[in-house]
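Enquirer: Before we start, here is the structure in question, set down as structure tokens.
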Amino acid sequence: YGYGYESTGFVGGSDQYASFSGTSMAAPHIAGLNAVLAQYMKEADFSVRNPELTEKYSLRAIQQSLLMSTAKPLTDEYGYYYSIMHQGAGLVDVNAVINARSYILMDESATASASDGKVKAEIGEIERGEDFTVAFDLVNFSDAPILYNLSADFFTQYIDYGFRWND
């Protein structure tokens, strides 16, 4: 059975390999990670242990927050972050998700879509030097206090490869 991707030289059903990327390539991986996380949350009685969270947010929204909160942003060979258009939230680490003791919930003021539990802030167009505020809650669902050292990195959808935020 050949798929015939002539533009890449890949011919299905052979011993050749090809590299593809994009949402359609990532979706099966993320779906599998969500299934693993859903099973873990069920076995750990997450809903029972965290009723204040599951009353406000669906388990799907909490899963998405955990996946995004623990993702590792990707950098190029010079240490600059790839744009969010090229990496999304970063590289998902299911081990980091399973071992997480907290996650982030964005405040309504951070983004119009904050009510769905996504871990992102949409600050829109700003001028260099202009002030803005992003509010969020750090939710500790462990049994112990957690000390946080907060820092911030900015990601942009700007896709000009010559652009560097810290230039």
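Enquirer: Using amide H atoms built 1.01 Å from N in the peptide plane, name the residues 5+ places from Ser102, or on other chains, whose amide H lies under 5 Å from its own.
Expert: Close amide H contacts, sequence-distant or interchain: Phe141.
Enquirer: Rounded to whole Hz and in sequence order, give me ³J(HN,Hα) for region 128-135 from the Karplus expression 6.51 cos²θ - 1.76 cosθ + 1.60, θ = phi - 60°, writing x for Gly and Pro.
Expert: My calculation for region 128-135 gives 4, x, 6, 7, 8, 10, 10, 9 Hz in order.
Enquirer: Which GluC sites (Glu not before Pro) does region 17-106 hold that lie in a coil by DSSP with at most 14 other beta carbons within 10 Å?
Expert: For GluC sites (Glu not before Pro) across region 17-106 that sit outside H, G, I, E and B with at most 14 neighbouring Cβ atoms in 10 Å, the list reads Glu77.
Enquirer: Which value in nm describes the separation of the simple spin-label points at Glu122 and Glu52, placed 7 Å from the Cα toward the beta carbon?
Expert: 2.9 nm
No value in this document is a laboratory result; all are computed from the given coordinates. Every value quoted in this text rests on a predicted model; they were computed, and no experiment measured them. Here Cβ is always computed from backbone atoms with ideal geometry, including for glycine, and neighbour counts include all displayed protein chains.
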